[in-house]
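Reading through the C-alpha cells given below for one structure.
The values are calculated or read from the model by the stated rules, or taken from the named source; none is laboratory data. Values in this document were obtained by computation on a predicted structure and should not be read as measured data. Cβ: placed from backbone, ideal geometry, glycine included. Neighbour counts: every protein chain shown. Accessible surface areas use protein heavy atoms only, side chains included; no ligands, DNA or RNA. Shrake-Rupley method; radii C 1.70, N 1.55, O 1.52, S 1.80 Å.
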Amino acid sequence: MAPESPFIPCLATLKMAIQLTPDIKLLSVELEDPDIRASFDYKPGQFALLSAFGEGEAPFGIVSLPQQRDGLEFAVRRIGTVTRALQELEPGDTLGVRGPFGNWFPLEDYEGKNIIIIGGGIGMAPLRPVINRILERRDNYQELLIINGARTPQDLVFQSEFPTWTKAPRTRLELTVDRGDEQWKGRVALVPDVVKELAPSPDNAIAIICGPPIMIRFTLAKLRNLGFKDNQIVTTLEAKMKCGLGKCARCNIGEKYVCQDGPVFTLEQISQFLEQP
Amino acid sequence: MDMELIQQIRDKARNLLEEGTVEGVIGYERASDGLTARPFFAYEPAAAERLIFDETCIHDLVKYLLDKKGKKMAIVVKPCDSRAINLLLNEEQIKRDKVFIIGVSCPGVVETSWNRRSETLQARCRTCQLSKPLVYDFLVGREVARQAEEETYSDITEAKAIANKEEFWLEQFGRCIRCYACRQVCPGCYCPVCFAERLEPLWVGIRIAPEENRVWQTMRTFHLAGRCIGCNECERVCPVDIPLSLLNRKLEKDVKELFAFQAGLDPEESPPFATFKKDEKLEFGA
Amino acid sequence: MNLLASKDDLIRWLDSLLQERIVIAPVRVQEQTMFQPISKVEEIAFDFDNTTLSPKGWFLPPTEALFTVQRDDGQVNLVPALVERDAVVFGLHPCDARGIALMDSSFLQEPSDALYRERRSRTALIGLACRQALPECFCTSMGSAPDDPSHMDILLTEVKDGYIVQVVTEKGKALVPKGLAKYKGKVPTPPKLQAIPTMEVTSAMRGLFNDPYWERLADRCLHCNVCAYVCPTCYCFDVRDYSDKGKVERVRSWESCQSPGFSLTAGGYAPRTTKGERLRQRFSHKFLYFPERFRDVACVGCGRCVKACPVNIDIREVISDLQQLTEVKSGS
Amino acid sequence: MKLEYQPKVIGFLCNWCSYAGADMAGTSRMCYPQNIRIIRVPCSGRVDPLFVLKCFQRGADGVLISGCHPGDCHYTEGNYHTRRRFALLRDFLDYLGIAKERLRVEWVSASEGQRFAEILSDFTTELANLGPRSKV
C-alpha cells in the first residue's frame, strides 16, 4: 500500500519564465490539479519547495500575491544544480511544488505604521509581495520606504515594477548598487550605509529586511543605532532545508525551525541564537 | 606507566605555556574510562598536569595542527606520527616554526578501544623501524633499540589471493555507513572540500550503498597513495571494522616497489604523484 | 501475566515469524553485532551486549527512495515507495525501544512521515531485557531501565530455562505462539547502573550557548559522523535526486550536523562554521531543541557514542561539565 | 568482427594526439569496433582516477586512457603523471576485484590511426573474452 507521503510534490507546469537579471528568472508556475490549485492558500512571506526532477528540491519564497493562484511566481537565482535545472525548464515542462510552508509577514499588525523595506539582491524577492500587498491597501499604512540594493544596476530585480512603486502615494523607492556602470546615475553605496544616510525614524515603524547574511548583519547594526528595537525589525531567513516539515532538522536557528516557525522572524525572536551576531 | 617520561612532558609543556612560547600544547590525557588515553589540549600551565603518555596513546595528533594554523602550538609526537609532520611540511600545510615538537621515543602502542586495553602491540608497531621521531625540538624518553619484525606484507598477499575479490570488497564496503571518520582522522586528508562532498558533479552519490561506498573508499585510499604514513588511524576509528589497512598497505607496498618511496620519511622528498622520472619503466608501455 | 518460552520454543517461534515477516535481529559481523534482516534463525546472535548500530536503521534506513520519477511521453508520474511486508525487530534493548519512541515524536507528528509511519505500524518490537549493564550504559538516567518494557510489544527476559515472555501490547499479543507455559518463577533483578545527574540539562544548555566551552570541547572532536550514526535518536537526513540510466529517484540518506556541508546553502552561507558551533549543535539538539518541541531529552543512555567516539567525547562528561559550568556561572 | 557480447568501453583520449589518432582511423576508413564512447580530454593527465571509478560504477566493461607518447606531451609532462598514476591504479583495481585488463593505458600519436584501430580491436576482444562484469 502506498502511504500518502508529504514528500511527494504536486505536479505543476511552467507557464512562463522571465529573465529578471542576468542570473535571476521569474518562474510562473501552475499546479496541474485544479482542486489543489483552487485550495492553494498562501500569504506574503510563505515559501514552497520546487522540484526539478532528476536534480532535486530547494525552497523558494512565493513572490506572487495570494489571490494569484493560477500562476504562482518564484524568483530563482542560478546558484547551484537545482536552480540551474529550474532555469533550464521550458514553458510547458513539468516541475514539482510542495507547500506552502512556514509563517508569513503579519501585515495586518503593521497597519497604521511606517514601513521600511530593505532588500538586497535576490533578497528583494520575498519582499515583493509585501510591497505589492501594502500598495493594494495603501491607505492602511503610513510612509513606505523601500531600499533596494544590488551588486550592479543589471542585478536589480523587479525593475519593471519600479514605476508603479514610485508612483504610489507616500512611497519612496531608493535604489543603490555596489558598482555602477556608465548609464547608472543613481546611488553607489552599500545598503547599510544607505540606511544610515536616510536614517528612517524608529517611531511607529517596522523595518523588514531580507538579503545576504552579511548585509543583514550590518543593516541590523545600523537600525539598532537608529533606535529600532528588536521587535521592530523583521527578517525572513534562508536556510538549507530538505523537508519543509520540521523533520530533517537542519534549518534551525537555535530552537526555531526556519521551515515551520519561520521563515519570518522578528530580531527579538532569534537574537539569542544568532550564530553570527 | 613511565612516570619519569610523563613528568618530562608535563614540565616541558608547563614551561612552554608559562614562557608563552606556544599558545597550546596538544598531548594526551586519561580518557573517561580511566584506562585508555584521549587527545588533550592544554592552554593554561596548570593544565599540563593532566598530560600523560603510555602505550594507550594511540592517536596521531598531527591532524590537529591543521585546525590550529597560524597559531604556535606544541605537540606530543611519537616516531610514527613524526612522519605525518614531514608529510604536512612537504605539502606546506604547516610551518615548521609554528610547531614545537615534543618527540617521544616510543616502545610501541597497544590495541585499545573504549574501556579496553590489550597487551597486544599494534601491528604497525611490530614492524616499526623508528626508535625516535624523525623530527623534534625536544626529545623525551629513552631511545629504545627497536627489534622490528620484517615487513612482509603477508596480509596483502593473502588479500590478493581471495577468490572473488569484488564480492569480498563489496561486502566490506557494504557495511560502510559513510561516517567519514576515516577521512576526518587522517592527517593526509585535508582538502577544503572533499570530492565526496562535491555536488557539481556529484561524484559520490548520497546513497549509502555498496557501489557508492566503493567509489568513496577506493578514491579515499588512492588520494593517499604515496602519502599514507601508515598510522592506521582510519582502521582504528572505523565503527564497522572495514579492514582499511588492507587498502592503504596495498598502495604502500606498490609505491615502495614501483617508486622506492615511503611517505613522511623526508620532508624534502615529494610524494610519487607530485613528481616523475622520464625514463622510468612502468608496467604499461614505454 | 508472564509466559515462559524455552530456548527451543523461541527458535520455533522466530522460525514461524520468519515465514510471514521480515525478521530483523542481531547478527555477528566480524567483531560487531548488527541488526540485519535474517534468512535463518541460526544467524541470530543471542549472546550480545549491545549492537554497534541501533535498530533505527530499520525505520529510517541509511538510504531509501522516497519516490521514483517516471516519464512517459513527457508525462511525469511520481511513484511512491512502498512498504511491502510486515516485520519484527527482535532483540532490541529497552534503550533502543525508547530511541524509537523518541524518533516517533518527530516522524509521527503531523504531517507524519509516511514511510516511517508505515514501517512503524507494520513492525512489531520483540525486545530483550539486558543481561548486564556495560560501563558505558546510563539508561536509568535517561528515562529507561534494563528491564523497561515501555515502547516494546513483547519483552523477553533471559532466565535459566529460557525466556520470560512479557506481552506489552495487543500487537504483541497477536504474535505470541499458543501453548506457552505460564511463568511462575521470580523475575530476575535487573543489573544496577551508575546514575549520572541529569537535572536541568536543558536550562544549562540554554545558558551556555555562547560559552567558550564548545570550542574547547571541539578541539579534539574529529567531526566525523560516528556519534550521530550510532545514535538511536539522531534522525537528521539529507534528500537528493539520484538518477542512473534514466531512472530517477528521490533518495533520503542519513546525514549528521557535524559535516561541514550539513547546513551550507547553495549561496555559500553556512550558519555554523566553526567546529565548536557544529559540536554545540549536536548537544543543543539533544538537550535543548528536542525537549523544547517534544518534552524529552533526545538521549536514551545507550552509551553507543561513548564507546564509538574515536576521541572519547563522552556525553556523560558533557552533561556534568554543563552542570558544573552553570553552577560556577550562577556563583553557587 | 562479430561478437555476441558487446563490451561497453569508455575512451578518454587526449586532444592533441590520441583523439586525432582516432579521427585519423575514422577518416582513413579503418575498421574498428564501435562499442567505444570517446571522451575528449585536454591531456591524458586530466584523467582523474575518479573518472575511471565512476565509469566502472556506472556499468562500463572497460576503460581506455590514451595520450601522447611519453616525451611528446603537448603540455610537456602531463603524460608522465598519467603513467605513474595509472600504473598504480590498474593493480589497485585488480586487487579490489576489477580485473586490470579492463583498464588500458596506451600512447597513440596523431599519425597512428592504424595503431588506434588495432588497440581497440585487441581491447574489445580481450574484454569479450573476460565477459561481462559480474553483477555482485
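Scanning the stretch B:125-134 for residues that are assigned to a helix (DSSP H, G or I) and more than 11 Å from every other protein chain (Cβ to nearest Cβ) turns up at least one hit. Give the residues of the stretch C:252-271 that are open to solvent by less than 10 Å² (accessible area, probe 1.4 Å) and in contact with a Ser or Thr (Cβ under 6 Å, 6 or more places away or on another chain), sorted by residue number. The answer is C:Ser253, and nothing else.
Checked against the criterion of being surrounded by fewer than 16 Cβ atoms within 10 Å (Cβ to Cβ), without any contact (Cβ under 8 Å) to a residue 40 or more places away in the chain and within 9 Å of another protein chain (Cβ to nearest Cβ), the stretch B:171-178 has at least one qualifying residue.
Taken as a whole, the structure leaves A:Cys243 outside the set of residues that are closer than 30 Å to C:Arg250 by Cβ and more than 9 Å from every other protein chain (Cβ to nearest Cβ). As a summary of the residue check, C:Lys178 satisfies the conditions (1) of a type in the set (D, E, K, R); (2) under 19 Å from C:Ile11 (Cβ atoms); (3) out of contact with any helix residue (DSSP H, G or I) (no Cβ under 9 Å at 6 or more places or on another chain); (4) in contact (Cβ under 8 Å) with a residue 40 or more places away in the chain except for the one numbered (4).
A quick yes/no check of all residues on (1) open to solvent by 10 Å² or more (accessible area, probe 1.4 Å); (2) facing another protein chain (nearest Cβ under 7 Å); (3) modelled with pLDDT of 90 or more:
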{"site": "B:Val185", "(1), (2), (3)": "no, yes, yes"}
{"site": "B:Tyr190", "(1), (2), (3)": "yes, no, yes"}
{"site": "B:Glu200", "(1), (2), (3)": "yes, yes, no"}
{"site": "B:Ile206", "(1), (2), (3)": "yes, yes, no"}
{"site": "B:Asn213", "(1), (2), (3)": "no, no, yes"}
{"site": "B:Trp216", "(1), (2), (3)": "no, no, yes"}
{"site": "B:Met219", "(1), (2), (3)": "no, yes, yes"}
{"site": "B:His223", "(1), (2), (3)": "yes, no, yes"}
{"site": "B:Cys228", "(1), (2), (3)": "yes, no, yes"}
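Taking the numbered list (1) open to solvent by less than 20 Å² (accessible area, probe 1.4 Å); (2) on the phi < 0 side of the Ramachandran plot in turn, D:Gly131 passes all entries but (2).
Do any strands (runs of 3 or more DSSP E) lying entirely in the stretch A:1-62 carry at least 2 residues that are within 11 Å of chain C (Cβ to nearest Cβ), and which ones are they? The qualifying strands (runs of 3 or more DSSP E) are A:10-21, A:47-52, A:56-61. Within the stretch C:96-116, the set of residues being touching a Phe, Trp or Tyr at 6+ places or on another chain (Cβ under 8 Å), within 18 Å of C:Ser54 (Cα to Cα) and open to solvent by 30 Å² or more (accessible area, probe 1.4 Å) comprises just one member, C:Ser105. Set side by side, the residues B:Leu251, B:Leu258 differ, and just one is buried (at least 20 other Cβ atoms within 10 Å of the Cβ) and in a helix (DSSP H, G or I), which is B:Leu251. Among the residues making up the stretch C:253-289, those that are more than 9 Å from chain A (Cβ to nearest Cβ) and either among the aromatic types (Phe, Trp, Tyr) or touching a Lys or Arg at 6+ places or on another chain (Cβ under 7 Å) (or both) are C:Ser253, C:Trp254, C:Gln258, C:Arg278, C:Phe283, C:Phe287. Taken over the stretch C:149-168, residues that are open to solvent by 30 Å² or more (accessible area, probe 1.4 Å), in contact (Cβ under 8 Å) with a residue 12 or more places away in the chain and outside any strand (DSSP E or B) amount to 5. Only one entry of B:Val185, B:Val193 meets the criterion of being in the same structural domain as B:Lys256 (by TED's automatic domain parsing) and under 30 Å from A:Thr83 (Cβ atoms), and that entry is B:Val193.
The residues on offer are B:Glu167, B:Glu143, B:Glu150, B:Glu158, and the sole one that is under 28 Å from B:Lys12 (Cα atoms), open to solvent by 50 Å² or more (accessible area, probe 1.4 Å) and out of contact with any helix residue (DSSP H, G or I) (no Cβ under 8 Å at 6 or more places or on another chain) is B:Glu143.
C:Lys192 fulfils the conditions (1) within 23 Å of the chain's Cα centre (by Cα); (2) open to solvent by less than 50 Å² (accessible area, probe 1.4 Å) except for a single criterion, (2).
Filtering the stretch A:210-239 to residues that are closer than 24 Å to A:Gly80 by Cβ and open to solvent by less than 30 Å² (accessible area, probe 1.4 Å) leaves A:Cys210, A:Gly211, A:Met215, A:Ile216, A:Thr235, A:Thr236, A:Ala239. Here B:Ile52, B:Ile75, B:Ile94, B:Ile85 are screened, and the one residue that is open to solvent by 10 Å² or more (accessible area, probe 1.4 Å), among the β-branched types (Val, Ile, Thr), more than 22 Å from B:Glu111 (Cβ to Cβ) and more than 12 Å from every other protein chain (Cβ to nearest Cβ) is B:Ile94. Looking across B:Arg227, B:Arg178, one residue alone is of a type in the set (Lys, Arg) and either closer than 29 Å to A:Ile79 by Cβ or part of a helix (DSSP H, G or I) (or both). It is B:Arg178. Scanning the stretch A:69-89 for residues that are within 11 Å of chain C (Cβ to nearest Cβ), part of a loop (DSSP other than H, G, I, E, B) and open to solvent by 30 Å² or more (accessible area, probe 1.4 Å) returns A:Arg78, A:Ile79.
Conditions (1) under 20 Å from A:Gln19 (Cβ atoms); (2) without any contact (Cβ under 8 Å) to a residue 40 or more places away in the chain, marked per residue:
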| position | (1), (2) |
| --- | --- |
| A:Asn132 | no, no |
| A:Asp139 | no, yes |
| A:Ile146 | no, yes |
| A:Ser160 | yes, yes |
| A:Arg170 | no, yes |
| A:Arg179 | no, yes |
| A:Glu182 | no, yes |
| A:Pro192 | no, yes |
| A:Lys196 | no, yes |
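Among the criteria (1) assigned to a loop (DSSP other than H, G, I, E, B); (2) surrounded by fewer than 22 Cβ atoms within 10 Å (Cβ to Cβ), the one C:Ala65 does not fulfil is (1). Quick one: would you say B:Glu252 is touching a residue at least 60 places away in the same chain (Cβ under 8 Å) and either within 16 Å of B:Cys80 (Cβ to Cβ) or touching a strand residue (DSSP E or B) at 6+ places or on another chain (Cβ under 8 Å) (or both)? Here the answer is no, as B:Glu252 does not meet what is asked.
Is it the case that the stretch C:125-135 has a residue that's open to solvent by 10 Å² or more (accessible area, probe 1.4 Å) and either within 14 Å of chain A (Cβ to nearest Cβ) or closer than 20 Å to C:Lys286 by Cα (or both)? Looking through the stretch C:125-135, none of the residues is open to solvent by 10 Å² or more (accessible area, probe 1.4 Å) and either within 14 Å of chain A (Cβ to nearest Cβ) or closer than 20 Å to C:Lys286 by Cα (or both).
Taking the criterion of being modelled with pLDDT under 90 and loosely packed, with under 15 Cβ neighbours inside 10 Å, the residues of the stretch D:29-41 that qualify are D:Arg29, D:Cys31, D:Gln34.
Annotation: of all residues in the stretch C:272-283 being in contact with an Asp or Glu (Cβ under 8 Å, 6 or more places away or on another chain) and open to solvent by less than 20 Å² (accessible area, probe 1.4 Å), the one that is modelled with the lowest pLDDT is C:Arg272.
Considering the stretch D:54-90, and only residues there that are open to solvent by 40 Å² or more (accessible area, probe 1.4 Å) and more than 10 Å from chain B (Cβ to nearest Cβ), the residue that is nearest to D:Trp16 (Cα to Cα) turns out to be D:His74.
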